[in-house]
Amino acid sequence: MARFQYHWTFERIDKYIKEGRGQGEFENYKPWLTVRDVPSNGRVAREMGTKVKREYHFLSDLERYFFYILEWQDSVVDIREQYPILEMEKTVEIAELLGFAHPKDPKTKINIVMTSDFMITYKNDQGDVCYAARSIKSFKDLLKKRTLEKLLIEKYYYDQLGIDWGVVTDKEINKDFAVNLQDLRQYQLFPFGVDEGVLDVLRHKISRVNPREKVIHTLKKLSEDIGIDEVTLLNALKSLISNKIISVNLTKRLNFNKSWNSLLNGGTK
């Protein structure tokens, strides 16, 4: 949570650059903005990554949800949040060409460093390393002229670099999917130490399960058969899902009081 409402100065920009903000990759990357650098609206958050083991900073729920979805994708290898466009002379030039005012600090009136919410490193179908920039906005924000102007400056900048750029809104982010991933990611971050033998037994049981039987009923009967408590078995099931050993339908909220057919059909990788 931010303690102060900072304003941009040339000294502050230089300080951030010298600190290495917006530079590096993977564990060495430092976001341009952290949750302590912006006025808090109560929705900022920090999360540890499951692929790249570092702390990530999000300035909205939408950013956090989109991050979960990115991490789940096998093709994504690195995610850099609050990614700055340090070539400010380029964004100033683009703004002038488009006839837009470049973003400025409202108090100091100096041009500020523009940022993209995410710079994504991924591998395409041929195994080549590619990059994509994404800005996260609520759909209603796209109705604001000033928001569109700033997005167009971003777009033209990345077009010149040949980097894929796009906007993701709340209409494109499946909240149920994101919340499921939020619940499951703890099984990647903090292994619950479920015995491999239990995982194997459960995986074998799932392959032969009655699709109309409720998941929780299956776990209860299995608990009675092998003497493992139901909580451990549920953790084992979530571990199998989170590590993509079994594929389930994550586009709707997970409900283990429903049938296996409801859980397994339409599995999302």
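The values are calculated or read from the model by the stated rules, or taken from the named source; none is laboratory data. Small disclaimer: the values here were computed from a predicted structure and weren't measured. Reconstructed Cβ throughout: ideal geometry from the backbone, glycine too, with neighbour counts over all protein chains shown. When the accessible area is computed, the model is the full protein with side chains, heavy atoms only, and any ligands, DNA or RNA have been set aside. Shrake-Rupley method; radii C 1.70, N 1.55, O 1.52, S 1.80 Å.
Does anything in the stretch 87-126 have its amide N under 16 Å from the 7 Å Cα→Cβ label point of Thr9, and if so which residues? It comes to 105-112, nothing else. What full-extension length gain, to one decimal in nm, is calculated for Glu87 and Asn243 as 0.36 nm per residue of separation minus the Cα-Cα distance? In short, 52.2 nm is gained. From a point 7 Å beyond the Cα of Asp141 in the direction of its Cβ, which residues of the stretch 152-179 have a backbone N at a distance under 14 Å? Label zone hits: 152, 154, 166-173.
Given their separation in residues at 0.36 nm each and the Cα-Cα distance between them, Arg43 and Asn257 gain 73.9 nm when the chain is fully extended.
According to the calculation over all Cα-Cα pairs in the stretch 50-96, the P(r) per 10 Å bin from zero is 21, 40, 25, 14, 0 %. Applying 0.36 nm per residue to the separation of Asp74 and Asp195 and subtracting their alpha-carbon distance, the gain on full extension is 41.0 nm.
Distance between the 7 Å Cα→Cβ label points at Glu25 and Lys220: 5.2 nm. Largest accessible area first, the listed residues Val201, Val92, Val248 line up as Val201, Val92, Val248 when surface is computed with a 1.4 Å probe on the assembled protein chains.
With r defined as the distance between the Cβ atoms of Leu152 and Ile110 and R0 fixed at 22 Å, what FRET efficiency is calculated, to the nearest 0.05? Walk me through the numbers on the way to the answer.
On the way: r = 21 Å, r/R0 = 0.97.
E between Leu152 and Ile110, to the nearest 0.05, is 0.55.
Highest mean first, the peptides 224-231, 80-87, 109-116 sorted by other C-beta atoms within 10 Å per residue fall in the order 80-87, 109-116, 224-231.
Taking the stretch 130-269, how much of its Cα-Cα pair set, in percent, is spaced more than 26 angstrom apart? Result: 43 percent of Cα pairs exceed 26 Å. Can you tell me the 0 to 90 degree angle between the C-alpha axis of helix 145-161 and the longest principal axis of the chain, rounded to 10? Helix 145-161 and the main axis of the chain meet at about 90 degrees.
Which whole-number percent is the relative contact order of the chain (Cα, under 8 Å, 6+ apart)?
Details: 391 pairs, mean separation 37.9, N = 269.
For the chain, the relative contact order is 14 percent.
Max-minus-min Cα coordinates of the chain on each principal axis give 71, 36, 32 Å, with the largest extent listed first. As a ratio to 2.2 N^0.38 Å, the alpha-carbon radius of gyration computed for the stretch 168-224 takes the value 1.53. Pairs of Cα atoms nearer than 8 Å and 6+ residues apart set the relative contact order; for the stretch 98-186 it is 24 percent.
With respect to the chain, whose longest principal axis is taken over its alpha-carbon atoms, helix 175-184 is tilted by about 60°. Helical runs (DSSP H, four residues minimum) scored at -39500 (n - 2.57) apiece and divided by the length of the chain put the mean residue ellipticity at 222 nm at -11500 deg cm²/dmol.
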